[in-house]
Amino acid sequence: MKKLLLILLLLLVLGGGIVAWLLLGSGTAFSANKEYVYIRSNAANKQAVLDSLKANGIVSSPALFDWVAARMNYWSHIKPGKYEIDKGSSILTIVRILRNGRQTPVNLTINKLRTKEDFARMIGNRFETDSLEMIRFLNSADSLKTYDVDTVTALSLVLPDTYTYFWNSSPQTILKKMAEASNEFWTEERLQKATAHGLSKIEAYTLASIIEEETNKDADKGNIASVYLNRIHKGMPLQADPTIKFAMRNFALKRIYEKYLFVPSPYNTYRNKGLPPGPICTPGKNTLNAVLDAPSTDYLYFVASSKSLGSHDFSVTYEEHMQKARAYQSWLNRQDSIRKASQP
């Protein structure tokens, strides 16, 4: 009798050890350090979750996962999202992560974007929502009304930065956080600076977007802003080359030839006076501040410098400007000749 009891006890201990090993030992089947489980909002059901786990080789035993999930009442508490699973995680841990909705945050880093389509494509590549859904939101006047922008100025809400979301965030949620960050940037002091230049915050953003495309040299941005502000105040056309690229949707252009200046578009600042109807890219905060803190100058012209690569030469008179422009064109032609001569 004692022997039988001892055997039963050993079997219980052994069985308990096996159960503990199955529940608490490694339950992953992948070789990478981590993998991700994606549960879509329109497929938050048992079969979809099991299919995802199998298709991506997340768990070593889908049947055991199903058994544990049922006993932890997970199947009636499925939460959509993106979940990070570390290699070696136990089945019990994986079920807990999913049941508790411990989503992995998605960091979205915005640098320079030029069009709403670029923005929508980025969102579609990083989130559950696709680019078509995002562009529909950006093209809906009713959706944007809340943020005091329209379908042309929607990107003025987007400040280059890193934003943190969950993978299943909606277009509304994504834009709302960016709008909140924009409102934080536009302090009363900055709004007053824009007003002093005769600009609304959207106009200041639009001007900054042109300057962002004009140069990467921070030291020149304030003077370039002063040129455009002076032209606006004098009723002169801006004649900003980046707006031609935007109007043509050809951002690879290196030189703007005269034939390009006649493209019919409200963004063509050679044919239309004043600022274009909306931004032509998402400018950085430093460029926005350069506009707001633009110095008072008499400059009306600027051209890329032939003496210092990346810098600009500024002029008050057209005659002075043309001398500098001819020097730069000569430098460009020499560079073209050198490049052609070096080609086999």
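The values are calculated or read from the model by the stated rules, or taken from the named source; none is laboratory data. Bear in mind that the values here come from a model prediction, so they are computed numbers and not experimental data. In this analysis, Cβ positions are derived from the backbone assuming ideal geometry, glycine residues included, and neighbour counts consider all displayed protein chains. The accessibility values were calculated without ligands, DNA or RNA, using every heavy atom of the protein model including side chains. Shrake-Rupley method; radii C 1.70, N 1.55, O 1.52, S 1.80 Å.
Table for the structure above
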| item | result |
| --- | --- |
| Percent RCO, i.e. relative contact order, over region 102-196, from Cα pairs under 8 Å lying at least 6 residues apart | 33 |
| Under the Karplus curve 6.51 cos²θ - 1.76 cosθ + 1.60, θ = phi - 60°, whole-Hz ³J(HN,Hα) for region 263-269, x wherever Gly or Pro sits | 4, x, 6, x, 8, 7, 7 |
| Between 0 and 90°, nearest 10: helix 201-214 axis offset from the chain longest Cα axis | 80 |
| HN-Hα J in Hz across region 321-337 - Karplus 6.51, -1.76, 1.60, θ = phi - 60°, x for Gly and Pro | 4, 5, 4, 5, 5, 5, 5, 5, 4, 5, 4, 4, 4, 5, 5, 5, 5 |
| Structure-derived Kirkwood radius over Cα pairs in Å - corresponding label in [x] 21.0; [y] 22.3; [z] 24.6 | [z] |
| Rg/Rg_globular for region 188-344, with Rg_globular taken as 2.2 N^0.38 Å and Rg from C-alpha atoms | 1.07 |
| Two-site FRET efficiency, residue 96 against residue 251, from Cβ-Cβ distance with R₀ of 51 Å, rounded to 0.05 | 0.60 |
| Å² of accessible area per residue within the chain, as computed with a 1.4 Å probe and no ligands counted | 54 |
| Listed residues 268, 173, 257: farthest to the positive end of the dipole of the chain (Cβ charges) | 173 |
| Isotropic mean projected area of the C-alpha convex hull, region 92-212 (nm²) | 8.7 |
